[in-house]
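Following: one structure in structure tokens, then a few remarks.
The values are calculated or read from the model by the stated rules, or taken from the named source; none is laboratory data. Predicted model only: the values in this text are computed from it and were never measured. With ideal geometry, Cβ positions are generated from the backbone for all residues, glycine too; neighbour counts draw on all protein chains shown.
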Amino acid sequence: MNAPVRIDLKDVSTIPSRRTEAWKYSDLRRYLRDEPLISPKLPEGEPNDGPFKALTSNELLIANGRMNWWSEDDLTEGVEVASHASPSAPRMADVMPMAALAAAKALDDVFIVSFKAGAPRTLALRWLSDAVKTGHHARVGIVVEAGANATLLESYEGWGDAYVANHLVEIFVEQDATLERIVLIEEPASAISITSAEVHLSRGAAFAQTTVASGARLQRLETGFKGWRRRWRTPARGLRCGLTGSMRCLATARRTSLPWFATTG
């Protein structure tokens, strides 16, 4: 395994390139040569309808790296949202350098969504980038408590131009819980968009992920799993996992990368 990458956007030599094994299909250094200015804060208030509006009233909107709105008064029973001002470092920071960067440079507290056991639960997590030639970082946590059955509807909505968006999602699926993550990415061709998803799976947990991406100048959604037995390098007892993904190619200049890996627990 390559040595851990420590990214400093002010030092181009630390930015992953195609010479970095895990990034050979996402040559970030080619497109990002310097740290952009911070994206502006957007006006708060109930937003326009997102792509999953018809499927759930539970919604959390992160706009330009900051919590902008959430359906506090309309959350259904069994779904909770809280904030954490001083979270610890991501557990997989050594192997997911953009996750570490998102945590270090996040523009707001970490917001944590918890799904309780009982009836199936659903929430729409919207990441909005409405910026021009600026950048932002953000971090959200998802906890599926023991025995819960949840669906996370995640959308990346790009309204700006030539922005840099770096997002971290930390997912914890506890014992005998189930999470289906559906990701829709629709961004302009000029965007640089990186999402790192840490997925921590306990015994008996089940996780499924489906991704549909538009592509962009550079678009990468990386998923790292932790919950594998060290000795046999096979999933822990009862653990189930599935991934599917596709790119809706709009132009030859667009590209996307959907890498995944597993580390031993």
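Quick check on my filter: what residues within segment 211-223 are surrounded by fewer than 24 Cβ atoms within 10 Å (Cβ to Cβ), more than 11 Å from M98 (Cβ to Cβ) and under 13 Å from the mean Cα position of the chain (by Cα)? Of everything in segment 211-223, just one residue is surrounded by fewer than 24 Cβ atoms within 10 Å (Cβ to Cβ), more than 11 Å from M98 (Cβ to Cβ) and under 13 Å from the mean Cα position of the chain (by Cα), namely T211.
For segment 9-55, a residue qualifies if it is more than 21 Å from V164 (Cβ to Cβ) and either in contact with a Phe, Trp or Tyr (Cβ under 6 Å, 6 or more places away or on another chain) or in contact (Cβ under 8 Å) with a residue 12 or more places away in the chain (or both), and the qualifying residues are E21, E44, G45, E46, P47, G50, P51, F52, K53, L55.
In segment 139-154, the residues that are buried (at least 19 other Cβ atoms within 10 Å of the Cβ) form Cβ pairs under 6 Å with partners that are of a type in the set (F, W, Y), at six or more places apart or across chains, as follows: V140/F111; V143/F172; V144/F115; A148/F115; A150/F115; L153/F52. Do we have any residue at all in segment 180-187 that's over 16 Å from S26 (Cα atoms), touching a Gly at 6+ places or on another chain (Cβ under 6 Å) and free of Cβ contacts under 8 Å to residues at least 60 places away in the same chain? Taking every residue of segment 180-187 in turn, at least one turns out to be over 16 Å from S26 (Cα atoms), touching a Gly at 6+ places or on another chain (Cβ under 6 Å) and free of Cβ contacts under 8 Å to residues at least 60 places away in the same chain.
Of all the numbered requirements in (1) out of contact with any Leu (no Cβ under 7 Å at 6 or more places or on another chain); (2) within 28 Å of S86 (Cα to Cα); (3) assigned to a strand (DSSP E or B), L184 misses one, and that requirement is (2). If only residues of segment 47-75 that are acidic (D, E) and under 13 Å from T122 (Cβ atoms) are counted, the one that is surrounded by the most Cβ atoms within 10 Å (Cβ to Cβ) is E59. When I182 is tested against (1) modelled with pLDDT under 95; (2) surrounded by fewer than 21 Cβ atoms within 10 Å (Cβ to Cβ); (3) of a type outside the set (D, E), only condition (1) is not met. Against the definition (modelled with pLDDT under 95, β-branched (V, I, T) and crowded, with 16+ Cβ neighbours inside 10 Å), how does I15 come out, yes or no? Answer is yes for this residue. Every condition in (1) surrounded by 22 or more Cβ atoms within 10 Å (Cβ to Cβ); (2) touching a residue at least 60 places away in the same chain (Cβ under 8 Å); (3) under 14 Å from the mean Cα position of the chain (by Cα); (4) farther than 17 Å from L55 by Cβ holds for A191 except the one numbered (3).
Only a single criterion out of (1) out of contact with any Gly (no Cβ under 9 Å at 6 or more places or on another chain); (2) surrounded by fewer than 18 Cβ atoms within 10 Å (Cβ to Cβ) is not satisfied by W23, namely (2).
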